[in-house]
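Quick notes on the structure that follows.
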Amino acid sequence: MSFAGKYELQSQENFEPFMRALGLPEDQIQKGKDLKSITEIVQDGKNFTVTVTTGSKVIKNQFTIGEESEIELMTGEKVKVVVQMEGNNKLVAQAKGMKAVTEFNGDLISYTMTMGDLTLKRVSKRI
């Protein structure tokens with residue numbers, strides 16, 4: 001399955017409490033909560049480049065399925081992760097006590113990030 005494409009954020013749940021738990025400053029949380037981010041995914045086999053643009057902030061991460069990669073978190077911190085594929089439509093990664101699951105379903109991507117008892121859920125649609 002190809003994940004490649006551009007996706008626009010449609011909805012999100014628990015953004016503010018999750019970002020506070022990550023340690024993001026309150027002014028950034030307030031600025032970011034209403035912005036519609038655009039995610040662009042370029043896939044070449046097991047190699048991925050994911051670019052997320054939210055307002056003027058751009059985070060670009062590259063990784064290869066099953067290999068250790070360094071990615072940038074929403075806080076700007078860089079961490080090492082191994083992204084695994086589950087089935088043919090799900091990417092899973094764990095870092096710093098967080099689990100991130102990206103699931104592709106037709107024209108929708110659901111992104112679920114869990115840390116302790118907090119879960120951030122975001123849904124984006126292909127544009």
Student exercise, region 11-54 dipole from Lys, Arg, Asp, Glu Cβ charges, in Debye to nearest 20: 60 debye
Probe 1.4 Å, protein heavy atoms only - accessible area per residue of the chain in square angstrom: 57 Å²
Computed Rg/Rh of the chain, alpha carbon atoms with Kirkwood Rh: 0.93
Eligible aspartates and glutamates near K80 by straight Cα distance, threshold 18 Å, same-chain separation 8 or greater: E67, E68, E70, E72
Exceeding the 18 Å Cα-Cα cut-off - candidates K46/K90; K31/K90; K78/K99; K31/K57: K31/K90
Length-normalised contact order of region 5-126 in % [C-alpha pairs under 8 Å, at least 6 apart]: 24 percent
Dipole of the chain, positive end: most advanced residue of Q10, G32, G87 [Cβ charges, Cα centre]: Q10
For the chain, size of Cβ-based charge dipole, Lys and Arg +1, Asp and Glu -1, in debye: 140 debye
The chain, helix-only ellipticity at 222 nm - DSSP H runs n ≥ 4, -39,500 (n - 2.57), divided by all residues, nearest 500: -3000 deg cm²/dmol
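The values are calculated or read from the model by the stated rules, or taken from the named source; none is laboratory data. Nothing here was measured: the structure is a model prediction, and the numbers come from that model. All Cβ positions, glycine included, derive from the backbone under ideal geometry; neighbour counts span all protein chains shown. Calculation scope for accessible area: heavy atoms of the full protein, side chains included, ligands and nucleic acids excluded. Shrake-Rupley method; radii C 1.70, N 1.55, O 1.52, S 1.80 Å.
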